[in-house]
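Asks: Take this structure, written in structure tokens, and hold onto it; I'll ask about it next.
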Amino acid sequence: MRLRAGISAALASAAILLVGWQAGAQVTESNASAVTTSAAGNTAGTAGGTASGTGSTAKGTTGSSASGSSSGTGAGSSSSTGSSSSSTLGASAKAGGTYAGTAVETRFGTVQVQVTIKAGVITDVTALHLTDQEQRSVQISARAAPLLRSEVLSAQSANVQTIGGATFTSEAYLTSLQAALDAAHF
Amino acid sequence: MKSQLLASPGQRVGTSPGQPPVPARRNPTRGRFAAQHRRRMFRTDMLTVALWASLAAALALWLADGGMSSVGNLTQAVTAVGILAGLAGMDLVFLMLLLAARLPFVDGAVGHDRALEFHRKLGKPALYLLLAHGLLLATGYGMAEGLNPVSEAVALWTLVPDMWLAFVSMALFIAVVVTSLVAVRHRFPYEFWYFVHLLTYLAVAVALPHQFSVGGLFAEGTWQRWYWLLLYIGTGSALAWFRIARPVIATYRHQLTVRRVVPLVPGVFSIEMSGLRLNELSGNGGRFFVWRFLAPGMWWQAHPFSLSAEPQVGKSSRQPTLRITVRNLGAGSARLASLKPGTKVAIEGPYGVFSTAARSREHVVMIGAGIGITPLRALLESTPFAPGQATVLLRCSSTEELFLGDEILELCRKRGATLFHLTGPRSANTQSAWLPASAGTSRLRDFVPDITDADVYICGPSAWPA
């Protein structure tokens, strides 16, 4: 009886692990394509942001999966960091414009956002760089960023809830955003 | 002295010690109890499978999330092992809670005591896995950020929301396991251990936030989050239902009150209780209930005692009664002797497989020592056997301690069971320490030649059957 139980348990466990493994392999594949598309989207967004003439910067990080993103932002910028750009942009203050926040380092990669202000209203938040160091964090930040963006737009401040399951991304996102808002004297 | 009081029909009387017995092996897979036994064994096996499968499922959650693809270097490997340790550790905690939840399925398959024994065995592995989870993640995250594990742990505590709760949870888990280690437990009263043990629920509860907010695996919108949530909800409801709702319902249903306390010998007494719908409890002779006598200063003490008689209902025209027989072994049970008639009684149970549910063969052997004799009386009353197919061995240090001995003698006579009394001080011979000195080098087979083909019920001090 014990033998039968042992064998059945081993078989069942092995089957479950195998199914998990297979599902994982598929997730990885589909993620890979999702990452490429989201990276492409990011590139377009940030390219637009940088093209608007702020001369803002993104830290040119390297990262295999987010290479599209970094090359896109890197094209229009030097290697200076957000803090320097905020000091230069601080002068132009309340008139509006686009301001980049500081690049915040997290264990899952750098997070930097850029905020667009028109007539004292936050009209847009663009992610210049999001967490990308592990497969999973790319997925998480891709999901969290739009949620954070819409919350920030409705709250009109960086004082919003973090997204469950995306604590690191949220914290870094909001920190970077606050720096950008400070720079804009918003 | 060894004395056979009743010879069963067709059985040799007084098998001479030392004579090689001839075990009459019959096929144990036949007979009326065989199917029941097979079902029970099947359920036991199912539990084993479910247990391992749940552990595999916890690890598969991580695999299904593409976990393997994220392991590229040492830092990521340390982090991954840390995550897996957390998943496995928490799964073991869920299993431990379910084992302690008095699920009827578990109780019927392996019995309450074996379930709790296994619960205890899982305690240390679960704690080690949770500790490894904390240490490995502090190390892995620290390596990624260039911090040592200690500063990383401080950073986690201070910077990441919900993480301080996880640290509190870890401290509680450590406290629970440490106070449950046998050596430590004997230094504290039971109630202290019990109170600390209740902290487990708090530990599990405060561990939840960081799993869902910091753990990317259980991020919003993932099916893993739902699976994990279901584990939490399922375990919580099982505990609420079987440990709280069911006992409350049983207490109200049966409305037990103490009828009288009957002293047997000094320090040993029977408590008789009357109540409603006791016929629903018949067939549970030998199984135990957890009793709470709702008298001032006693109500919070829970006493696990077996029934010493089948519930008495109906025909005898008396009020339906339950009976337990208690030996005065501690401060708690000593006070029970002074229970006043009319005291209300709250019950949980019946629990355990010391009943007909555990039978697998036709022949049955019941061995009891000391106060362990009393549940045998209830079992002897209810479990089916043909005349001559039951043997009862009662072991105690003096004839005075043959608790309920007269009732057992009467039952054996009525049902055709063979009865041995084994009385006297312990033998010095460690080989046969379970026997009185006067029995010499007798072995169990000398009393019950075909014991290999019988169900054996043993009830006595834990050191005694060994």
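Asks: Note every residue of region B:58-91 with a reduction of at least 20 square angstrom in accessible area, all protein chains present versus the isolated chain, computed with a 1.4 Å probe, or write none.
Replies: When all protein chains are present, B:ALA60, B:LEU63, B:ALA64, B:ASP65, B:GLY66, B:MET68, B:SER69, B:SER70, B:GLN76 each give up 20 Å² or more of accessible surface.
Asks: Okay, moving on. For chain B, what class follows from the C-alpha gyration tensor (a ≥ b ≥ c being the square roots of its eigenvalues): rounded when a/c is under 1.5, otherwise prolate if a/b is larger than b/c, else oblate? Working shown, then result.
Replies: Values: a/c = 2.33, a/b = 1.88, b/c = 1.24.
The shape class here is prolate.
Asks: Assuming R0 = 22 Å, can you tell me the calculated FRET efficiency for the pair B:TYR227 and A:GLN22, based on Cβ-Cβ distance, to the nearest 0.05? Don't skip to the end; give the middle numbers.
Replies: Values: r = 17 Å, r/R0 = 0.77.
Step by step, r from the Cβ atoms, then E = 0.85.
Asks: Provide B:VAL364, A:VAL121 ordered by accessible surface of protein heavy atoms (probe 1.4 Å), highest first. It would help to have the intermediate numbers written out before the result.
Replies: Details: B:VAL364 0, A:VAL121 65 Å².
I get A:VAL121, B:VAL364, largest accessible area first.
Asks: Multiply the residue gap between B:TRP164 and B:ALA77 by 0.36 nm, knock off their C-alpha separation, and tell me the result in nm, one decimal place.
Replies: Details: separation 87, 0.36 × 87 = 31.32 nm, distance 2.45 nm.
Here the segment from B:TRP164 to B:ALA77 would lengthen by 28.9 nm.
Asks: I'd like the carbon and sulfur percentage of the solvent accessible area for chain B, probe radius 1.4 Å, heavy atoms only, ligands and nucleic acids excluded.
Replies: Values: 13960 of 21690 Å².
Carbon and sulfur together cover 64 percent of it.
Asks: Helix-derived [θ] at 222 nm for chain B: sum -39500 (n - 2.57) over DSSP H runs of at least 4, divide by residue count, nearest 500? Each step should come with its number before you reach the end.
Replies: Values: 14 runs with 213 residues, N = 466.
Taking each H run of at least 4 residues, the total per residue is -15000 deg cm²/dmol.
Asks: Scaled to the compact-protein estimate 2.2 N^0.38 Å, what is the alpha-carbon radius of gyration of region A:104-186, rounded to two decimal places? Before the final figure, lay out each step's value.
Replies: On the way: Rg = 11.9 Å, N = 83, 2.2 N^0.38 = 11.8 Å.
Ratio of Rg to 2.2 N^0.38 Å for region A:104-186: 1.01.
Asks: Contact order normalised by length for chain B, with contacts defined as Cα pairs under 8 Å and 6 or more residues apart; what percent is it?
Replies: Details: 786 pairs, mean separation 90.5, N = 466.
19 percent.
Asks: What average number of partner chain Cβ atoms lie no more than 10 Å from the Cβ of the residues making up B:218-230? Please report the intermediate quantities before stating the final value.
Replies: On the way: counts 2, 10, 8, 3, 4, 1, 1, 2, 0, 0, 0, 0, 0.
So the per-residue partner count for this stretch is 2.
Asks: Suppose all protein chains stay in the model; what accessible area per residue would a 1.4 Å probe give for region B:268-370, in Å²?
Replies: Details: 4010 Å² over 103 residues.
Normalised by residue count, the accessible surface of region B:268-370 is 39 Å².
Asks: Between region B:364-392 and region B:239-279, what is the separation of their alpha carbon centroids in Å?
Replies: Taking the Cα centre of each part, region B:364-392 and region B:239-279 sit 23 Å apart.
Asks: Sticking with this one: Could you report the accessible area of A:PHE186 in Å², rounded to 10, computed with a 1.4 Å probe on the protein chains as they sit in the structure?
Replies: For A:PHE186, the solvent-accessible surface is approximately 100 Å².
Asks: In addition: Averaged across the residues of B:133-143, what count of C-beta atoms belonging to other chains lies within 10 Å of each residue's C-beta? Walk me through the numbers before you get to the answer.
Replies: Values: counts 0, 0, 0, 0, 0, 0, 0, 1, 4, 1, 1.
For this peptide, the per-residue mean of nearby foreign Cβ atoms is 1.
Asks: Just checking the output field for B:42-51: average partner chain Cβ neighbours within 10 Å of each residue's Cβ?
Replies: Values: counts 3, 0, 3, 9, 3, 2, 8, 10, 2, 3.
For this peptide, the per-residue mean of nearby foreign Cβ atoms is 4.
Asks: Which sequence of B:MET46, B:MET90, B:MET96 reflects their accessible areas, 1.4 Å probe, from the largest down?
Replies: Values: B:MET46 90, B:MET90 5, B:MET96 30 Å².
In descending accessible area the options line up as B:MET46, B:MET96, B:MET90.
Asks: Still on this structure: Tell me whether region B:41-179 comes out rounded, prolate or oblate; compute the Cα gyration tensor, take square roots of the eigenvalues as a ≥ b ≥ c, and use a/c under 1.5 as the rounded threshold. Could you put the intermediate results ahead of the total?
Replies: Values: a/c = 3.25, a/b = 1.75, b/c = 1.86.
The shape class here is oblate.
Asks: Taking a point 7 angstrom from the Cα of B:ARG39 along the C-beta vector, which residues in region B:346-376 have backbone N less than 11 Å away?
Replies: From region B:346-376, the list is B:357.
Asks: On a 0 to 90° scale, report how tilted helix B:163-180 is relative to the longest principal axis of chain B, with both axes built from alpha carbons and the result rounded to the nearest 10.
Replies: 20 degrees
Asks: Now for a separate question. Tell me, what is the per residue accessible area of region B:178-234 in Å², probe radius 1.4 Å?
Replies: Details: 3260 Å² over 57 residues.
Result: 57 Å² of accessible area for each residue.
Asks: Also, quick follow-up: For the pair B and A, how large is the buried accessible area, both sides, in square angstrom to the nearest 100, if the probe is 1.4 Å? Mind showing how you got there, number by number?
Replies: Numbers: alone 23010 and 9720 Å², together 30020 Å².
Rounded to the nearest hundred, the buried surface is 2700 Å².
Asks: Of the listed peptides B:127-133, B:235-241, what is their order by residue-averaged count of other C-beta atoms within 10 Å, with the highest listed first?
Replies: Packing proxy ranking, top to bottom: B:127-133, B:235-241.
Asks: Counting residues in region B:240-365 as N, plug N into 2.2 N^0.38 Å and put the Cα Rg over that result. Please report the intermediate quantities before stating the final value.
Replies: Numbers: Rg = 14.7 Å, N = 126, 2.2 N^0.38 = 13.8 Å.
Rg over 2.2 N^0.38 Å, computed on Cα atoms: 1.06.
Asks: Now, a different point. Leaving ligands, DNA and RNA out of it, rank B:SER274, B:SER397 by accessible area with a 1.4 Å probe, largest first.
Replies: Details: B:SER274 10, B:SER397 65 Å².
Of B:SER274, B:SER397, the descending order of accessible area is B:SER397, B:SER274.
Asks: Right, another one. Accessible area drop of at least 10 Å² (1.4 Å probe, protein heavy atoms): which residues of region A:7-27 qualify, relative to the chain alone?
Replies: At a threshold of 10 Å² (probe 1.4 Å), the residues of region A:7-27 that become less exposed are A:SER8, A:ALA9, A:ALA12, A:SER13, A:ILE16, A:LEU17, A:GLY20, A:TRP21, A:ALA23, A:GLY24, A:VAL27.
Asks: Restricting everything to alpha-carbon atoms, can you work out Rg to Rh for region B:160-218 with a Kirkwood hydrodynamic radius? All intermediate terms of the calculation are to be shown ahead of the outcome.
Replies: Details: Rg = 13.7 Å, Rh = 12.3 Å.
Over the Cα atoms of region B:160-218, Rg/Rh equals 1.12.
Asks: Let a ≥ b ≥ c be the square roots of the eigenvalues of the Cα gyration tensor of region B:203-247; is it rounded (a/c under 1.5), or, if not, prolate (a/b larger than b/c) or oblate?
Replies: Details: a/c = 5.22, a/b = 2.14, b/c = 2.44.
Cα axes put region B:203-247 in the oblate bin.
Asks: Compute the separation of the alpha-carbon centres of region A:5-22 and region B:396-414 and state it in Å as a whole number.
Replies: 52 Å
Asks: Taking B:LYS340 as the anchor, which aspartates and glutamates have their alpha carbon closer than 19 Å to its alpha carbon, excluding any fewer than eight residues away along the same chain?
Replies: Within reach: B:GLU272.
The values are calculated or read from the model by the stated rules, or taken from the named source; none is laboratory data. This structure is a prediction, so every number in the text was calculated from the model and none was measured. Positions of Cβ are generated from backbone atoms using ideal geometry, with glycine treated the same way; all protein chains shown enter the neighbour counts. Only protein heavy atoms, including side chains, enter the accessible area calculation; ligands, DNA and RNA are left aside. Shrake-Rupley method; radii C 1.70, N 1.55, O 1.52, S 1.80 Å.
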